[in-house]
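**Student:** Input: one structure, supplied below.
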Amino acid sequence: MLKNYANAYHRATEKRTKRIVICAGTGCVANGSLNVMAALKEKIETEGLNVQLELDFENPSDNDFLHVSKSGCQGFCQMGPLLTVYPDHVLYTKVRPEDVDEIVETTLKKGGIVERLLYADSARNNKKCKGQGEIQFYHAQTRKVLEPCGVFDPEDVHEFIANGGYESARRAWLEMTPETICEEIKVSGLRGRGGGGFPTGVKWQFTLREKNEKKYIICNADEGDPGAFMDRSVMEGNPHTIIEGMMIAARGIGADEGYIYVRLEYPLAVARVRRAVEEAEKIGILGDDVFGTGKSFRVNVMEGAGAFVCGEETALMASIEGKRGMPRPKPPFPAQKGLWEKPTCINNVETLACVPIIIREGAQSYRKIGTESSPGTKTFALTGHVVNTGLIEVPFGATLREIIFDIGGGVIDSKGNVSNTAFKAVQIGGPSGGCLTEKHLDLPLDFDSLKTVGAMVGSGGLVVMNKDTCMVQMARFFMQFTQNESCGKCLLCREGTKQMLALLDEIIDGQGTAETLTILEQTAKTVGKGSLCALGKTAPNPVLSVLKNFRGEMESHVFNKRCPTGQCAALRSIEILQDKCVGCTACARKCPVSAISGERKQPHKINQELCIKCGVCVTTCKFGAVVGA
């Protein structure tokens, strides 16, 4: 069956001369990539060139044709919309509909390159890079899970199969036993990519040992960390690999039904996953007779309501059952008593996407990448004050220095310039993680090393911050998030996060005391120890890491009533330098509370009792006479 679909794809593409792949991940779609695709199709047809947007598998073309298709996220989000021309591997960046005429004339008709649309590497004197192989952002990565996302048409099961898709599932169902599948995953060292890092093969073995005719496999696609979009991108770019991973897991644990639990806020991912399930059912991959074994496996797609706590496995199962998404105590663990009281195994999107690779390449081959305790690769969403934001994939053991400066291109200061001295911190692991500083830049990133410094891999968010970032406000941002997302079931999480948020507000508003710091630290540790689920247990991490790594900055807010970065309005001290003020009155006219007075052409003064420290006067003055921090 798989061979027939692969052959059909190869026949349909036999006369394809060039393929134009347009990124249709959420970022590029929001930036207008589908408008580029429509303009390209119209221009090609106007020029009388033979073009196909969807391959004809029943009646393959006898004539040469151009194939225009979309892909999932290509990763280089900072430079989108992205357009790649194959087989030349030419990557065009920031493409607009008005660029289409030149692309068709220069590249598709004459075989040339539109130089102005190539990526210019600022670190190498703006050297023009022809394709991904010449761009450091890509060259410094090891893309295993993400590589197909930027090439495959996510809505074409033929292409997935033609590139080896579902072959690992076929082998698992026809050539391997549940025991050998679990053992292979165990030997590979694959650990859960959702944040906990629990050995996947061990989790499968626990579920396999349970004697029950009904078992479930659940794909946890409830990615909720601020700034995280790894799972979303895999679902949008290669949804069939998730289904294949679930099929292998189902065979390994003895499940006959699965659920993909996706966030409601991911409409494009939901649509593509649903279509992938429908395609797999239509061609007989899913259903009552998987690969002719007579065994059944079906997949359901369910949209979550957007509660962060539903990323916790017991809350997720409660949500699927139609109950309020709230965690429950463990044991019993889901492997023993999960969805509808049946043995259940839950893995996140990236974990399941790694499974077909392991079955295809072998466990020992998979272990060659990464570290001894954390084999394989990890995807990260790289955001913040960094030159190249986007979706990246690196081996475990890569350092923050490599990620931020080699892949990310360096840190941007407050003026928008790349600076080697602008780096201050990076938040890793989202609201459950912690802040790492300059002394951690060469720390190998893996599950175990990060624990030693009070951080965690988490789902894979990396937020880079420059020296103008107030770390107290950063801690408050994540605390506000976790406080909002607390389900309210346990007292420590419900009230403790609320109390920590109030204490941080006191510090930011200039009301903090030594007692405030003491209570904040005590509360954070208590919430971490006594909360029921991982949301509450890890909620204090950003606060504790700031107290540990940036205590001086926190104490400056409390004891000196000064924010070193000038970001906390209540702690600003704004004054007019009398020797620089020319009396132009611009600041007085802009002041929203009329706190500035003075005669024209005479130095002005600020009434500190009226001043709300908004900083408008600082930005208004053209002579540098108004200063504040």
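**Student:** Do you know which residues across region 1-32 are part of a helix (DSSP H, G or I), surrounded by fewer than 22 Cβ atoms within 10 Å (Cβ to Cβ) and in contact (Cβ under 8 Å) with a residue 12 or more places away in the chain?
**Tutor:** Leu2, Tyr5, Ala6, Ala8, Tyr9, His10, Arg11, Thr26, Val29
**Student:** Within region 212-231, is there a residue that is among the acidic types (Asp, Glu), crowded, with 21+ Cβ neighbours inside 10 Å and over 30 Å from Thr538 (Cβ atoms)?
**Tutor:** Taking region 212-231 and keeping what is among the acidic types (Asp, Glu), we get 213, 222-223, 225, 231.
Applying the additional criterion that residues be crowded, with 21+ Cβ neighbours inside 10 Å yields 222-223, 225, 231.
Among the residues that remain, those that are also over 30 Å from Thr538 (Cβ atoms) are: none.
No; the residues of region 212-231 include none that is among the acidic types (Asp, Glu), crowded, with 21+ Cβ neighbours inside 10 Å and over 30 Å from Thr538 (Cβ atoms).
Each row is one residue, and each column tells you yes or no for (1) surrounded by fewer than 24 Cβ atoms within 10 Å (Cβ to Cβ); (2) touching a His at 6+ places or on another chain (Cβ under 9 Å).
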position	(1), (2)
Leu436	yes, no
Asp442	yes, no
Lys451	yes, no
Ala455	no, yes
Ser459	no, no
Leu462	no, no
Met471	no, no
Phe477	yes, no
Asn484	yes, no
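**Student:** Which pairs do you get when a residue that is closer than 10 Å to Arg572 by Cβ, found in region 601-627, comes within reach of a residue that is of a type in the set (Lys, Arg) and at pLDDT below 90, reach meaning Cβ atoms under 8 angstrom, with the pair 6+ apart or on two chains?
**Tutor:** Cβ pairs passing all conditions: Lys613/Arg572; Gly615/Arg572.
**Student:** Within the group Lys127, Lys144, which residue is of a type in the set (Lys, Arg) and under 17 Å from Val355 (Cβ atoms)?
**Tutor:** Result of the check over Lys127, Lys144: Lys144.
**Student:** May I pose another question? May I ask you to verify whether Lys368 is among the basic types (Lys, Arg), closer than 26 Å to Ile185 by Cα and modelled with pLDDT under 95?
**Tutor:** no
**Student:** Select from region 232-260 the residues that are surrounded by fewer than 24 Cβ atoms within 10 Å (Cβ to Cβ) and either among the charged types (D, E, K, R) or not assigned by TED's automatic domain parsing to the domain that holds Lys337 (or both) and list them in ascending order.
**Tutor:** Passing the criteria: Asp256, Glu257.
**Student:** Does at least one position in region 345-367 carry a residue that is among the small types (Gly, Ala, Ser), closer than 21 Å to Lys451 by Cβ and either assigned by TED's automatic domain parsing to the domain that holds Gly306 or touching a residue at least 24 places away in the same chain (Cβ under 8 Å) (or both)?
**Tutor:** Just the residues of region 345-367 that are among the small types (Gly, Ala, Ser), to begin with: 353, 362-363, 365.
Subset that is closer than 21 Å to Lys451 by Cβ: none.
Within region 345-367 (the criterion being among the small types (Gly, Ala, Ser), closer than 21 Å to Lys451 by Cβ and either assigned by TED's automatic domain parsing to the domain that holds Gly306 or touching a residue at least 24 places away in the same chain (Cβ under 8 Å) (or both)), the answer is no, since none of the residues qualifies.
**Student:** Filter region 196-249 for residues that are in a helix (DSSP H, G or I), more than 20 Å from Glu167 (Cα to Cα) and within 19 Å of the chain's Cα centre (by Cα) and give the result.
**Tutor:** Scanning region 196-249 gives Met230, Asp231, Arg232, Ser233, Glu236.
**Student:** Now, a different point. Residues that are assigned to a strand (DSSP E or B) and surrounded by 20 or more Cβ atoms within 10 Å (Cβ to Cβ): does region 92-99 have at least one?
**Tutor:** Yes, that holds for at least one residue.
**Student:** Is there any pair with a first residue in region 164-180 that is not assigned by TED's automatic domain parsing to the domain that holds Asn238 and a second that is outside any helix (DSSP H, G or I) and at pLDDT 95 or above whose Cβ atoms are under 7 Å apart and which are 6 or more apart or on different chains, and what are they?
**Tutor:** Filtered contacts from region 164-180: no entries.
**Student:** Within region 275-298, identify whether any single residue is of a type outside the set (A, V, I, L, M), surrounded by fewer than 22 Cβ atoms within 10 Å (Cβ to Cβ) and assigned to a strand (DSSP E or B), and answer yes or no.
**Tutor:** Checking region 275-298: at least one residue is of a type outside the set (A, V, I, L, M), surrounded by fewer than 22 Cβ atoms within 10 Å (Cβ to Cβ) and assigned to a strand (DSSP E or B).
**Student:** Another question about this same structure. Sort out which residues of region 371-383 are surrounded by fewer than 23 Cβ atoms within 10 Å (Cβ to Cβ) and more than 16 Å from Ser459 (Cβ to Cβ), and write them in order of number.
**Tutor:** Thr371, Glu372, Ser373
**Student:** Something else now. Scan region 123-131 and tell me whether some residue there is within 24 Å of Gly27 (Cβ to Cβ), assigned to a helix (DSSP H, G or I) and at pLDDT below 95.
**Tutor:** yes
**Student:** I would also like to ask the following. Run Glu313 past the list (1) at pLDDT 95 or above; (2) buried (at least 21 other Cβ atoms within 10 Å of the Cβ) and report the number of the one that doesn't hold.
**Tutor:** (1)
**Student:** Go through region 405-419 residue by residue and tally those that are closer than 21 Å to Tyr138 by Cα and not aliphatic (A, V, I, L, M).
**Tutor:** 5
**Student:** Residue under question is Ala363, and the condition is that it be buried (at least 17 other Cβ atoms within 10 Å of the Cβ), farther than 17 Å from Gly252 by Cα and either of a type in the set (A, V, I, L, M, F, W, C) or more than 27 Å from the chain's Cα centre (by Cα) (or both); does it hold?
**Tutor:** Numbers: buried (at least 17 other Cβ atoms within 10 Å of the Cβ): yes; farther than 17 Å from Gly252 by Cα: no; either of a type in the set (A, V, I, L, M, F, W, C) or more than 27 Å from the chain's Cα centre (by Cα) (or both): yes.
No.
**Student:** Collect the residues in region 339-387 that are part of a helix (DSSP H, G or I) and either of a type in the set (Val, Ile, Thr) or touching a Phe, Trp or Tyr at 6+ places or on another chain (Cβ under 9 Å) (or both), keeping them in residue-number order. I'd like the intermediate steps shown before the answer.
**Tutor:** Looking only at region 339-387, we keep the residues that are part of a helix (DSSP H, G or I), and these are 339-341, 349-361, 363-366.
If the condition is that a residue be part of a helix (DSSP H, G or I) and either of a type in the set (Val, Ile, Thr) or touching a Phe, Trp or Tyr at 6+ places or on another chain (Cβ under 9 Å) (or both), then Leu339, Trp340, Val349, Thr351, Cys354, Val355, Pro356, Ile357, Ile358, Ile359 are the ones that fit.
The values are calculated or read from the model by the stated rules, or taken from the named source; none is laboratory data. Predicted model, so just to flag it, every value in this text is computed and none were measured. Backbone-built Cβ (ideal geometry, glycine too); neighbour counts: all protein chains shown.
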